[in-house]
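Following: one structure in structure tokens, then a few remarks.
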Amino acid sequence: MESPRSSYADDESSSIGRGTSTIEESGRSSPAYSYHSSIDGAVLLREVHGRTLNNTRDQYILPVDMTEHNRLNVQHEMLKIKLGGLFLQPRAVQRALVPRNGSIPAVLDVGSGSGSWVLDMGEMFPHAEVVGLDLAPANLPREPTPNCRFECDDVNFGLSHYKNSFDVVHARCVDTGIADYPHFLKDVHQVLRPGGVFLSVSGSSKMLGKDFEPCVKGKVDPSVPSENNTATLLAGFHEAARARGAKTETFLYIRGWLEEMGKNAWSTVGETTFYVPVGPWQESMTDKDRHIATLMNHDIIRLLASTRPSLLSYGYPEQVVDNWIEKAEDELRHMRKKMYVRWICTWAVKVGTPGEDPEEHNLT
Ligand SMILES: C[S@@+](CC[C@H](N)C(=O)[O-])C[C@H]1O[C@@H](n2cnc3c(N)ncnc32)[C@H](O)[C@@H]1O
């Protein structure tokens, strides 16, 4: 199948207005072509039950429109506070992105969504090139710095055109769109330069209760009224995603897959897990944790409507879905259910030292 690769700086339908960029303007050679919203939008996007979804990868079933991108911006702010910045492992990232002779330090954000992380990284590392790659065009919340570039592509088509091109690869909340994650990790290893850093961040939309156990176990029965509409709707969303071929619990295995690649591939592999309350319902919370939990609550409220097109496409009756959404929103706004979202951050540092000959450290 032909890859629909395209690149763009911005587009007239976004909050800052989009235009087109050429390969020459972007300053690096790549197989990308310019993005024109009026032409490529029709190819890359499709309307499903009143929302815009990507038209390339059937297994990724959340919308890619401005409403969803606004939700992702809330989540982005929440994660920045929770992680204490744009990424974990700051020493390894700073080391990989040190300015040097010979090559421009470069960052790839796989599944860049609204573009917020790319924009922030572009501002934080003005000497580096930051590339956002996504199935769909971003809705940039502000003007990007000139070192940022966006491409439309499906990462499942491979990344061999980017061999030895990046010092940091970031993949946040993109797992369900990746068909074969262990294969993706091999691609990531190949595109990283020596000493390069891979960063993954994933949260599960499977709601957990106070005991960290799933609130809903087993298959959803839409004919039975739910005691927890938020968890039921999101369990239904997981079923809908799995029916399209998505793997919904990938984040549990990323660390193991990285370790299986061996010590010749990665000098360091690590992982951390945290649980974010959906709303500030815990009795004693710091102001910071209260703020994080509030943003998590706003994120999940917005997620409810984003699941609607895929729940309807999966076959749940419209009345049931709209009833779930209405009741779930009420549960969340009043924090009637005490729930957590589990997040897992995984990282790996490629063997070698930044600036070394990349071929010395590539796997055969
Ligand atoms: C949940 S959003 C997360 C966006 C962003 N990483 C963030 O954390 O805000 C997942 C994004 O990954 C993109 N995506 C999913 N599968 C993809 C694939 N196979 N190739 C490229 N992008 C993909 C989607 O279009 C969507 O924008």
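The values are calculated or read from the model by the stated rules, or taken from the named source; none is laboratory data. Quantities reported herein were computed from a predicted structural model and do not represent experimental measurements. Counting neighbours? That spans all protein chains shown, and the Cβs are built from the backbone with ideal geometry, glycine included.
Kindly provide the set of residues from region 63-89 that are under 13 Å from the mean Cα position of the chain (by Cα), part of a helix (DSSP H, G or I) and farther than 16 Å from Gly203 by Cβ, ordered by number. Of everything in region 63-89, just one residue is under 13 Å from the mean Cα position of the chain (by Cα), part of a helix (DSSP H, G or I) and farther than 16 Å from Gly203 by Cβ, namely His69. Checking each residue in region 106-136 for being over 27 Å from Pro194 (Cα atoms) and either hydroxyl-bearing (Ser, Thr, Tyr) or at pLDDT below 95 (or both) picks out only Ser114.
Scanning region 255-271 for residues that are surrounded by 13 or more Cβ atoms within 10 Å (Cβ to Cβ) and in contact (Cβ under 8 Å) with a residue 60 or more places away in the chain yields Arg255, Trp257, Leu258, Met261, Ala265, Trp266, Ser267, Thr268, Val269, Gly270, Glu271. Between Ser284, Ser310, which is small (Gly, Ala, Ser) and part of a helix (DSSP H, G or I)? Among Ser284, Ser310, only Ser310 is small (Gly, Ala, Ser) and part of a helix (DSSP H, G or I). Just one of the numbered conditions (1) of a type in the set (A, V, I, L, M); (2) assigned to a helix (DSSP H, G or I); (3) loosely packed, with under 14 Cβ neighbours inside 10 Å is not true of Ala241: (3). Filter region 105-116 for residues that are on the phi < 0 side of the Ramachandran plot and in contact (Cβ under 8 Å) with a residue 40 or more places away in the chain; which is surrounded by the most Cβ atoms within 10 Å (Cβ to Cβ)? Looking at residues that are on the phi < 0 side of the Ramachandran plot and in contact (Cβ under 8 Å) with a residue 40 or more places away in the chain, I get Val107. The set of residues in region 328-364 being touching a Phe, Trp or Tyr at 6+ places or on another chain (Cβ under 9 Å), farther than 26 Å from Pro90 by Cβ and surrounded by fewer than 21 Cβ atoms within 10 Å (Cβ to Cβ) consists of Met335, Lys337, Lys338. Just wondering, is there one or more residues in region 292-308 that are crowded, with 22+ Cβ neighbours inside 10 Å and acidic (Asp, Glu)? Yes, some residue in region 292-308 is crowded, with 22+ Cβ neighbours inside 10 Å and acidic (Asp, Glu). Within region 81-115, if we keep just the residues that are of a type in the set (S, T, N, Q) and touching a helix residue (DSSP H, G or I) at 6+ places or on another chain (Cβ under 9 Å), the residue that is farthest from Arg57 (Cα to Cα) turns out to be Ser114.
Residue-by-condition table, conditions (1) in a loop (DSSP other than H, G, I, E, B); (2) among the charged types (D, E, K, R); (3) within 16 Å of Ala348 (Cβ to Cβ):
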{"position": "Phe237", "(1), (2), (3)": "no, no, no"}
{"position": "Phe251", "(1), (2), (3)": "no, no, yes"}
{"position": "Arg255", "(1), (2), (3)": "no, yes, yes"}
{"position": "Leu258", "(1), (2), (3)": "no, no, yes"}
{"position": "Glu271", "(1), (2), (3)": "no, yes, yes"}
{"position": "Tyr275", "(1), (2), (3)": "no, no, no"}
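Remark: pairs (first residue in region 135-147, under 11 Å from Ser116 (Cα atoms) and within 16 Å of the ligand (Cβ to nearest atom); second residue among the acidic types (Asp, Glu) and modelled with pLDDT under 95; Cβ separation under 9 Å; 6+ apart in sequence or on different chains) = Ala138/Asp10; Ala138/Asp11; Asn139/Asp11; Leu140/Asp10; Leu140/Asp11; Pro144/Asp10.
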